[in-house]
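The values are calculated or read from the model by the stated rules, or taken from the named source; none is laboratory data. Since the structure is predicted, the reported quantities are computational estimates derived from the model, not experimental observations. Methodologically, a virtual Cβ is constructed for each residue, glycine included, from the backbone with ideal geometry; neighbour enumeration extends over all protein chains shown.
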Amino acid sequence: MKLAEQLCILRPQVAMSTQFVLESGIPWNALDVGNYTAGDYAEASGHDAAYDELVQAGVRAEMLLRLVNPSDSTDSKAANEDYLSQPVEYTGDTLVDAEKNGVMMNWEAPLMELHAKTICPTPGATVLNVGFGMGIIDSALQELSPGKHVIVEAHPDVYNHMKDNGWHEKPNVHILFGRWQDKLDEIRSLGPYDGIFFDTFGEFYKDLDDFHRAIFDTNNVNQQPVLRKPDGIYSFFNGLGGDHKLFHDVYCNVVCSDLQNLGISTEFSQVASDIVMDEETWKGIKRPYWMIKKYNLPTCRWMKDD
């Protein structure tokens, strides 16, 4: 019997059936021969309780995995250094790496414009963007007239592209060339920031989590955190688990939990991203990195003190 059939045997007790199947040892993130998850079948059949149980099982599994098998930062650094040592290429409306992976693509433009408006709602703000890529969000931010605009970019080809296009000559722009991990002191010295956006390539979830710990650090009572308190706004490109909705929903829950532990509340606004379902969108790209019809745009703020 297929996993999907096992999950949907008894509609009135579907959540209990799902829990039974999961406890039998079938992974929450199992895929069938058609590349579908149990979550896909549960949603298609209207079994919301089963879907919710799968999401919670995934969250528990991911949290437990981190406890028993902490991520090795050396693996992440090696992967990032490999990406930075290889050329990238701007081809029309796409930025690709040496293996034709999409680093950034123009279909992201409407999302980036919304991210820009999220972190820079009023002119004169001090904003930070980590990861220039094609410059989509930075161009959108410039339209919003920030007072200070700091950009961190680590890839030499992208940095040269920025210089070729005059970004270093813009009066309110400060470019930090290097990995954000190596530029934290300079990032801090140019802040604090009213708005921060994070969108790097060639890094893992642990790097995102490490960045959060850096910008939300409140241990030094004599120093303002990198994100200004109490009104600073943070966002990031939310491509977590972007190839399956179930995976994405699990990782949205995980990142919310991690941010809450740092004193940050997160709200997601759903934005249509139907264009990614068109095969032409991914023509020439090795592997699609987003295949979900709805994008969860995160808005993160300091939690209010009681």
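At-a-glance table
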read-out	value
Per-region count, the range 262-293, residues touching a His at 6+ places or on another chain (Cβ under 9 Å) and surrounded by fewer than 18 Cβ atoms within 10 Å (Cβ to Cβ)	2
Candidates H161, H149, H168 - the one that is in contact with a strand residue (DSSP E or B) (Cβ under 7 Å, 6 or more places away or on another chain), assigned to a strand (DSSP E or B) and surrounded by 14 or more Cβ atoms within 10 Å (Cβ to Cβ)	H149
Qualifying residues in the range 65-96 (those that are assigned to a loop (DSSP other than H, G, I, E, B) and either modelled with pLDDT under 80 or of a type in the set (D, E, K, R) (or both)) - the one farthest from F201 (Cα to Cα)	N69
Meets criteria (over 15 Å from I233 (Cβ atoms) and at pLDDT 95 or above) for E99	no
Scope the range 97-117; condition assigned to a loop (DSSP other than H, G, I, E, B), among the charged types (D, E, K, R) and farther than 16 Å from F132 by Cα; matching residues	E99, K100
Cβ pairs under 7 Å, 6+ apart, first in the range 173-201 and on the phi < 0 side of the Ramachandran plot, second polar (S, T, N, Q) and part of a loop (DSSP other than H, G, I, E, B)	P192/Q224
Unique residue being part of a loop (DSSP other than H, G, I, E, B), buried (at least 18 other Cβ atoms within 10 Å of the Cβ), modelled with pLDDT of 95 or more and in the same structural domain as V127 (by TED's automatic domain parsing) when the list is L259, L240	L240
